[in-house]
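Here the structure comes first, spelled out in structure tokens, and everything after it is commentary.
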Amino acid sequence: MTTPAPAATAVPGTLGVAVLGYSFMGKAHSNAWRNVNAFYPTPRVRQQLLVGRHASQVADAATQFGWAESSTDWREVLERDDIQIVDICTPGHLHAELAIAALNAGKHVIVEKPLANSVAEAEQMVEAAVDARTRGIQSMVGFNYRRLPALALARSLISDGRVGDVRQIRVSYLQDWLADERAAMSWRLRQASAGSGALGDLASHAVDQVAFLLDDPVTSVSGTVNTFVTERPGPDGPEPVTVDDAAWATLRLASGAVASLEVSRFATGRKNSLQIEIYGSRGGLRFDLEHLNELRYFDTGTPTELQGYSTILVTEPSHPYLGAWWPAGHTLGWDHTFTSQAADFLTAIDSGTPASPSFEDGLATQRVLAAVEASAARTGTAVAPV
């Protein structure tokens, strides 16, 4: 069933976009597609179709978010010539089926993280993406924090040798929205739909940042997970929680560097705190998502009496992504990362250059998450190979 929203004029040569899912991520991605052409010189896009399960709700969302039409049938997307890009913002258990079908139908595909609920599903998605790439069809996994100017600058500083040889990295991603044991059940707490809890939801971002910042693959993992509240109020009464609430891991990297990881949705008072600390032979870097326009930098080459972490306000036009936005000193927000992500995807489509992060990158992250689960499940050695 398709419901038209207020009339939208199709412009020849534009790329029609369909977003599957209209809740939290669907709203964030809708905002990105609505704004990308206003800030970036990319191919023009048209917000054609918003897809969801409930006809009246997705129709209301389509009107609110600026979509031309709404639908409850995702398969309709595969047959339509006016849709070239499919953006998947559904729960993880649907990612593989939707993405593979869209790629096989010749649609460019972006999938919200994590790529899939299992390594096996992710491998199937990579196979479809590789085949589609030979036909000029692009795909990307939505690790939006790669588009934070401060973290993109951190990657540049590391690759330029400004911190020397990286020896140690600490990554934590802490939230508290489940700290209240009376919080209601949701799809994110069911293994069948979410795959895992904080591990897939938050650790996927953390693991991807290790890969993004250091370009240094993980070789082995030692980890553990925990579920603090094992039952939640569901629509039909108490329901068991079948995913983790928090996870901890030590990651050994190919270079010999070691990364420590902590993620939780029970960290009381932490709302959305992704913190990254990088320690190298010549300096260090520190970042906190709750202060996302700032990057802290330590340089061992500074005279001892002047040493200390300095704060870089990452808002200059010369900083990554900032040239598309506001004058110097004017800060960006969390939502801007999705617009920059859409711009990068459109640039990849236009240039024919493979998009990044690729499905292969998403698979690499999925393998690390699976290794954490395998390590946590072991009763003997706690080390699981990746």
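Kindly indicate whether any position in the stretch 320-333 is under 30 Å from ASN37 (Cβ atoms), open to solvent by less than 70 Å² (accessible area, probe 1.4 Å), assigned to a helix (DSSP H, G or I) and out of contact with any Ser or Thr (no Cβ under 8 Å at 6 or more places or on another chain). Checked against the condition, which is being under 30 Å from ASN37 (Cβ atoms), open to solvent by less than 70 Å² (accessible area, probe 1.4 Å), assigned to a helix (DSSP H, G or I) and out of contact with any Ser or Thr (no Cβ under 8 Å at 6 or more places or on another chain), the stretch 320-333 yields at least one hit. Select from the stretch 80-105 the residues that are assigned to a loop (DSSP other than H, G, I, E, B) and among the acidic types (Asp, Glu) and write down the one among them that is most open to solvent (accessible area, probe 1.4 Å). For the stretch 80-105, the residue satisfying everything is ASP81. The one condition from (1) touching a His at 6+ places or on another chain (Cβ under 8 Å); (2) more than 25 Å from PRO149 (Cα to Cα) that LEU274 does not meet is (2). Going by the structure shown, is PHE287 touching a residue at least 24 places away in the same chain (Cβ under 8 Å) and in a strand (DSSP E or B)? Yes. Among the residues of the stretch 34-48, the ones that are open to solvent by 30 Å² or more (accessible area, probe 1.4 Å), assigned to a helix (DSSP H, G or I) and not polar (S, T, N, Q) come to 3 in all.
Checked against the criterion of being surrounded by fewer than 16 Cβ atoms within 10 Å (Cβ to Cβ) and either touching a Gly at 6+ places or on another chain (Cβ under 9 Å) or modelled with pLDDT of 95 or more (or both), the candidates GLN209, GLN168 yield just one match: GLN168. Within the stretch 122-161, can you find the residues that are in contact (Cβ under 8 Å) with a residue 60 or more places away in the chain, under 25 Å from ALA194 (Cβ atoms) and not aliphatic (A, V, I, L, M)? If the condition is that a residue be in contact (Cβ under 8 Å) with a residue 60 or more places away in the chain, under 25 Å from ALA194 (Cβ atoms) and not aliphatic (A, V, I, L, M), then GLU123, SER139, GLY142, PHE143, ASN144, TYR145, ARG146, ARG147 are the ones that fit. The set of residues in the stretch 334-386 being surrounded by 14 or more Cβ atoms within 10 Å (Cβ to Cβ), in contact with a strand residue (DSSP E or B) (Cβ under 9 Å, 6 or more places away or on another chain) and among the polar types (S, T, N, Q) consists of GLN341, SER356, SER358, THR365, SER375. Closer than 23 Å to THR14 by Cα, aliphatic (A, V, I, L, M), in a loop (DSSP other than H, G, I, E, B) and in contact with a strand residue (DSSP E or B) (Cβ under 7 Å, 6 or more places away or on another chain): is that true of ILE110 in this structure? When the stated conditions are applied, ILE110 does not pass them. Cβ contacts < 9 Å: first residue at positive phi, restricted to the stretch 179-202; second residue assigned to a loop (DSSP other than H, G, I, E, B), any location; separation 6+ or different chain. Result? That search, which allows pairs on different chains as well, returns GLY195/PRO91; GLY195/PRO114; GLY195/ALA116; GLY195/ASN117; GLY195/SER118; GLY195/VAL243.
The values are calculated or read from the model by the stated rules, or taken from the named source; none is laboratory data. The shown structure was predicted, so the numbers you read here are calculated from the model rather than taken from an experiment. Using ideal geometry, Cβ is built from the backbone for each residue, glycine included, and neighbour counts are taken over all protein chains shown. Please note that ligands, DNA and RNA were not included when accessible areas were found on the heavy atoms of the full protein model with its side chains. Shrake-Rupley method; radii C 1.70, N 1.55, O 1.52, S 1.80 Å.
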